[in-house]
Amino acid sequence: MTPVGRGRAPGTGRPGWVTAGLGVALAGVVGLHRAIPNSLGRVGSLVESFLPWSGVVVALLFVVALVRRSGVGLVALLLPVAVWVQAFGGLLLPGPSPDTGARELVVVQHNVSDENPDPAGTARALVAAGGDLIALEEVVVPALAVYEDVLGADYPHHVVHGTVGLWSKYPITEERLVDIRPRAFEEGWNRGLRAVVRTPYGDVAAYVAHLPSVRVGAGGLASSPRDESARMLGDAVRGEEVGGVILMGDLNGTVDDRGLEPLTSQLNVAERGFAFSYPAGLPLARIDQVLARSATVGHIRTLPATGSDHLPVTARVTLNPPQVSGRFAP
């Protein structure tokens with residue numbers, strides 16, 4: 001009598017079905033991630049923070065299926081591949097060539113770190129990126145004069161509120177603090193600003209924000225202050241009268257994270273590029289964002305490391321045609 005398990009064709013045993021089951025489950029996680037509950041430890045947001053890396057898991061499952069010569073596994077894995085490509089495949093496409101006739105602004109976003117040992121070198125690196133706007137977070141008082149001095153020659157217009165700042169090649173006609181302080185935080189916590197920039201294409205409302213940090217622990221993802229701050233920022237953007245809006249900042253969340261839905265539900269996200277920006281030594285997620293309204297955020301990419309624990313990101317923002325008087329259509 002042939003022992004159980006022998007004489008089977010390669011790939012027809014249980015391992016093939018296990019691989020197939022894992023593949024189907026992974027497709028469900030990627031395609032239906034909004035159905036994952038967030039009530040306990042914000043598991044949904046935690047999963048969404050690393051969704052693009054599900055592609056690596058699919059690749060590993062393919063290797064397993066090939067090694068085991070599992071036809072069932074290989075066929076089943078076509079499902080998570082299709083779901084992942086639908087969700088993230090477009091980000092892999094190269095960005096279009098710059099259009100000299102486009103209504104385009106190049107923006108640079110960087111959390112420079114309050115412990116940056118070389119603010120002058122960081123500022124020079126950002127100038128070299130050639131942006132029209134530079135948004136900075138964690139601008140502490142000892143380093144502020146350095147940033148003002150190095151950036152000032154190329155960016156004569158700037159505004160700083162609390163620890164966030166905006167440097168612009170074009171005139172800033174309005175500016176104010178944007179209150180995104182969670183209720184539990186102490187007075188003086190200022191991490192949001194709004195400025196109206198008079199660009200060659202009309203007025204643009206530029207927002208710079210640094211949302212509260214999140215922590216991952218035994219209880220899951222601690223993101224309540226970040227989520228509250230995102231809702232406050234979303235309310236401010238929703239009430240913005242200038243049609244064209246660009247939001248730059250360290251949002252401490254990815255664009256897939258439902259905690260940022262008050263922003264991503266009304267602003268366009270980058271169409272090309274992953275631009276994982278944090279942590280700088282081993283970037284796992286893009287929490288430094290460029291979002292826009294009445295505009296398209298094209299290719300987003302990281303810049304070389306500075307003295308910060310974040311990588312800078314830069315993006316091309318193409319503004320919609322103006323409606324009236326230099327204002328942009330909503």
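The values are calculated or read from the model by the stated rules, or taken from the named source; none is laboratory data. Just so you know, these numbers come straight off a predicted model, no measurement behind them. Glycine also receives a Cβ, built like all others from the backbone with ideal geometry; neighbour counts cover every protein chain displayed. With ligands, DNA and RNA removed, areas are computed over all heavy atoms of the protein, side chains included. Shrake-Rupley method; radii C 1.70, N 1.55, O 1.52, S 1.80 Å.
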Where a residue in the range 112-129 is part of a helix (DSSP H, G or I) and its partner, wherever it lies, is surrounded by 14 or more Cβ atoms within 10 Å (Cβ to Cβ) and small (G, A, S), with Cβ under 7 Å and at least six apart: P119/A143; G121/G307; T122/G307; T122/S308
Failed condition for R316, given (1) open to solvent by 10 Å² or more (accessible area, probe 1.4 Å); (2) in a loop (DSSP other than H, G, I, E, B): (2)
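Let's see how each residue does on (1) under 15 Å from V208 (Cβ atoms); (2) open to solvent by 40 Å² or more (accessible area, probe 1.4 Å); (3) in contact with a Lys or Arg (Cβ under 7 Å, 6 or more places away or on another chain); (4) among the basic types (K, R):
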{"site": "L247", "(1), (2), (3), (4)": "yes, no, no, no"}
{"site": "N252", "(1), (2), (3), (4)": "yes, no, yes, no"}
{"site": "L267", "(1), (2), (3), (4)": "yes, no, yes, no"}
{"site": "A270", "(1), (2), (3), (4)": "no, no, no, no"}
Only one of R6, R68 that is modelled with pLDDT under 90, over 30 Å from S213 (Cα atoms), of a type in the set (K, R) and crowded, with 16+ Cβ neighbours inside 10 Å: R68
The one condition in (1) touching a helix residue (DSSP H, G or I) at 6+ places or on another chain (Cβ under 6 Å); (2) within 23 Å of V216 (Cα to Cα); (3) surrounded by fewer than 20 Cβ atoms within 10 Å (Cβ to Cβ); (4) charged (D, E, K, R) that E48 fails to fulfil: (3)
Residue satisfying all of: in the range 29-45; within 15 Å of A87 (Cβ to Cβ) and without any contact (Cβ under 8 Å) to a residue 60 or more places away in the chain; surrounded by the most Cβ atoms within 10 Å (Cβ to Cβ) among these: V30
Test: residue in the range 183-206 that is surrounded by fewer than 17 Cβ atoms within 10 Å (Cβ to Cβ), acidic (D, E) and without any contact (Cβ under 8 Å) to a residue 24 or more places away in the chain: yes
In the range 115-172, the residues that are open to solvent by 10 Å² or more (accessible area, probe 1.4 Å) and among the polar types (S, T, N, Q): N116, T163
Any hit, the range 92-112, residues being at pLDDT 95 or above, open to solvent by less than 50 Å² (accessible area, probe 1.4 Å), touching a strand residue (DSSP E or B) at 6+ places or on another chain (Cβ under 6 Å) and of a type in the set (G, A, S): no
Any hit, the range 285-301, residues being open to solvent by 10 Å² or more (accessible area, probe 1.4 Å), assigned to a loop (DSSP other than H, G, I, E, B) and either under 22 Å from V29 (Cβ atoms) or among the acidic types (D, E) (or both): yes
Counted residues, the range 229-240 - those being open to solvent by 10 Å² or more (accessible area, probe 1.4 Å) and touching a residue at least 12 places away in the same chain (Cβ under 8 Å): 6
Residue under evaluation R231, criteria (1) touching a helix residue (DSSP H, G or I) at 6+ places or on another chain (Cβ under 6 Å); (2) in a loop (DSSP other than H, G, I, E, B), criterion not met: (2)
